[in-house]
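Peer 1: Quick one: the structure is below, questions incoming.
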Amino acid sequence: AIATVLFPTLSRYASTAAETGDFRGFRDTVSSGLRHISFTLIPAAVVSAVLAEPIIRILFQRGQFAPNQTPVVAACLAAFSAGLVFNGAMLMLNRAFFSMRTNWIPTGIALGNLFLNAILDFALYRVGPWGIPLSTAICNVAGTWALIVVLRGRITRLNGREIASTVTRVVVASALVALVAWVVWKPLDSGLGRSFPAQVVSLGAALAAALVVYYACCRVLRVRELDVVLGLRSRLRRA
């Protein structure tokens, strides 16, 4: 969604840069998109990994989906979560190349990723079902790295210091979120049991606590992207 919203702005800046050679607006927009994607997806990935089992249990464990199948699918979710933020970053970087009318670059990298994915699938499926989504996660990391390297070569730099600052703060906040989510969920799960209403309460409480802690940590760490989200919410309310 972030990449889609920023695409028209990227296209305007790319058109201007093609005439003037000034990539500042384009660079700032890509950097902003990557920072907001990190702000959104890093905590989501962490929570999905830490609470993978209760999430899978409440969504799927009914009918012929037996309890012994839940850990298997939960492991797949946790493995896939490792590449979630990179998946979002790839979408943003692809839009950057599309706006510059160099579609062949992300296309070529995507084809390379398909080849890498096939090799990794063949190598990792032996470790268990979670090896397949882990392969996808690794390909997301590799694809993101390749896109960044090529894009930096075209626009000189990518405001890496700002991106690294946001990612570092968000990672710190997300680590605390993971701890709190687990500490809240585990005793509730043990005490309330595994009925559907009990799972709703235990998982819901963990997710609510994670959201509150993430908000508080971002405030303390002065994550700028939080102010942007809150400002957008205020504008929507006024509208």
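The values are calculated or read from the model by the stated rules, or taken from the named source; none is laboratory data. Because the structure is predicted, anything quoted here is derived from the model rather than measured. In this analysis, Cβ positions are derived from the backbone assuming ideal geometry, glycine residues included, and neighbour counts consider all displayed protein chains. Accessible surface is based on the protein model in full, side chains and every heavy atom, while ligands, DNA and RNA are left aside. Shrake-Rupley method; radii C 1.70, N 1.55, O 1.52, S 1.80 Å.
Peer 1: Can you tell me which residue is farthest from VAL150 (Cα to Cα) among those in region 82-133 that are without any contact (Cβ under 8 Å) to a residue 60 or more places away in the chain and of a type in the set (Ser, Thr, Tyr)?
Peer 2: So the residue we want is TYR125.
Peer 1: Have a look at SER195, SER202 and point out the one that is more than 18 Å from the chain's Cα centre (by Cα) and modelled with pLDDT of 95 or more.
Peer 2: Step by step, each of SER195, SER202 is checked, and only SER202 is more than 18 Å from the chain's Cα centre (by Cα) and modelled with pLDDT of 95 or more.
Peer 1: It is to be established whether one or more residues within region 107-120 are within 20 Å of ALA82 (Cα to Cα), hydroxyl-bearing (Ser, Thr, Tyr) and in a helix (DSSP H, G or I).
Peer 2: No, there is no match, as no residue in region 107-120 is within 20 Å of ALA82 (Cα to Cα), hydroxyl-bearing (Ser, Thr, Tyr) and in a helix (DSSP H, G or I).
Peer 1: I would also like to ask the following. Mind checking which residues of region 24-48 are more than 23 Å from ALA14 (Cα to Cα), hydrophobic (A, V, I, L, M, F, W, C) and crowded, with 19+ Cβ neighbours inside 10 Å?
Peer 2: PHE39, LEU41, ILE42, ALA45, VAL46, VAL47
Peer 1: Let me ask another. In region 171-182, what residues are closer than 13 Å to VAL47 by Cβ and hydrophobic (A, V, I, L, M, F, W, C)?
Peer 2: ALA173, ALA175, LEU176, VAL177, ALA178, LEU179, VAL180, ALA181, TRP182 - these are the residues of region 171-182 that are closer than 13 Å to VAL47 by Cβ and hydrophobic (A, V, I, L, M, F, W, C).
Peer 1: (1) outside any helix (DSSP H, G or I); (2) farther than 30 Å from ALA17 by Cα; (3) not acidic (Asp, Glu): which one isn't true of LEU134, the others all being true?
Peer 2: (1)
Peer 1: Let me ask another. Would you check which residues across region 157-197 are farther than 30 Å from LEU93 by Cα, in a helix (DSSP H, G or I) and free of Cβ contacts under 8 Å to residues at least 40 places away in the same chain and list them?
Peer 2: LEU179, VAL180, VAL183, VAL184, LYS186, PRO187, LEU188, SER190, GLY191, LEU192, PRO197
Peer 1: Looking for something touching a residue at least 40 places away in the same chain (Cβ under 8 Å) and part of a helix (DSSP H, G or I) - is there at least one such residue anywhere in region 59-71?
Peer 2: no
Peer 1: Now a separate question. Take the conditions without any contact (Cβ under 8 Å) to a residue 40 or more places away in the chain, farther than 30 Å from PRO8 by Cα and either among the β-branched types (Val, Ile, Thr) or not in a helix (DSSP H, G or I) (or both) and apply them to ILE56. Does it pass?
Peer 2: It is true that ILE56 is without any contact (Cβ under 8 Å) to a residue 40 or more places away in the chain, farther than 30 Å from PRO8 by Cα and either among the β-branched types (Val, Ile, Thr) or not in a helix (DSSP H, G or I) (or both).
Peer 1: Within region 8-15, identify whether any single residue is touching a Gly at 6+ places or on another chain (Cβ under 9 Å) and open to solvent by 40 Å² or more (accessible area, probe 1.4 Å), and answer yes or no.
Peer 2: yes
Peer 1: With the requirement that a residue be open to solvent by 20 Å² or more (accessible area, probe 1.4 Å) and either out of contact with any Asp or Glu (no Cβ under 9 Å at 6 or more places or on another chain) or in contact (Cβ under 8 Å) with a residue 60 or more places away in the chain (or both), what does region 134-152 give you?
Peer 2: LEU134, ILE138, VAL141, ALA142, TRP145, ALA146, ILE148, VAL149, VAL150, ARG152
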